[in-house]
Structures are given as structure tokens and as C-alpha cells.
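Below is one structure, written out as C-alpha cells; comments come after it.
Just so it is clear, none of the values below were taken in a lab; they were calculated from the coordinates. From a predicted model like this one, the values you see are computed outputs, not experimental measurements. Please note: Cβ atoms are built from the backbone with ideal geometry, for glycine as well, and neighbour counts cover all protein chains shown.
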Amino acid sequence: MALIADDAAHRVEQLLLMTERLAALAADDTRRIQDRQPLPENEEKNRLANAYRLELARIKQDAALIQDAPPALLAELRRSTVALHEPLAAHERAQRGEGHLRRAGACDGRRGRSPTR
């Protein structure tokens, strides 16, 4: 699903909103993983991540889609995009840690020991 934008500034504004929402969703998932709560089925996150990926690919092919946006807006998008990497990295670390704990628990379970021993 491609963004429908009136102009470059509108496209950048939409990308900013998408970036901020993805960061919030990733942070929420990370908190749930760390608190060992189940992750909800999150169709919003999947659709948003896919639309974000597709839009970035479109912009990579045609930079003119955003080049006429105000410089301040483009700078804000850059900052927001860089900031998105932090919750995504934390999410990835939490997932790897959780997977490690599950594997360790499974190994201990096969040996007849509890993972806390």
C-alpha cells in the first residue's frame, strides 16, 4: 500500500507519523517480552511495517518524492528514523534473550531440572 500524498511535505509528514507509531509499537512489544507477557496479534504493526518498507523503497527509487519537502521536515524525518532504530534494536535483543531463555528452559526440562536451579 503506497502513501497518497498531496506533495513532498505531506509525504514526509505521513512518514513521520508512521515512524513514530512503529517506534511506539516496537517499544510496547519489547516491554511485553521483558515482562513475559504474550504479544498480541498485531495486524496494525504488520501492515504499518510493510507500508513503511514499501514507501522507503519507492523513495529510494525516486528521491523526488520527498526532495521538495522543507529542510526542517526532512531533518525531523532523519532524526525520527534514527530514533526508530533504538526501539527496534531493543526489541530484537529482547526477542533473542527470550528465545535463549526458552531454549535453556527446554534443555533443563529434558534433564529433569527446573530452569531456576
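Put a plus charge on the Cβ of each Lys and Arg, a minus charge on the Cβ of each Asp and Glu, and nothing anywhere else: the dipole of region 8-110 about its Cα centre is then about 400 debye. Applying the Karplus relation 6.51 cos²θ - 1.76 cosθ + 1.60 with θ = phi - 60° to region 61-71 yields 3J(HN,Hα) values of 6, 9, 4, 4, 4, 10, 5, 8, 5, x, x Hz, where x marks Gly and Pro. Placing unit charges on the Cβ atoms of the charged side chains and taking the dipole of region 8-110 about its Cα centre, the candidate lying farthest along the positive direction among Leu39, Ala72, Ala8 is Leu39. If the chain linking Ala24 and Arg53 were pulled fully straight, counting 0.36 nm for each residue of separation and taking away their Cα-Cα distance, it would gain 8.8 nm.
Restriction of the GluC sites (Glu not before Pro) in region 1-86 to DSSP coil positions whose beta-carbon has at most 14 other beta-carbons within 10 angstrom yields Glu41.
Applying 1/(1 + (r/R0)^6) with R0 = 30 Å to the Cβ-Cβ distance of Gln37 and Ala72 gives a FRET efficiency near 0.20.
For region 20-60, trypsin sites (Lys or Arg not before Pro) meeting the loop criterion (DSSP other than H, G, I, E, B) and having at most 12 other Cβ atoms within 10 Å: Arg36.
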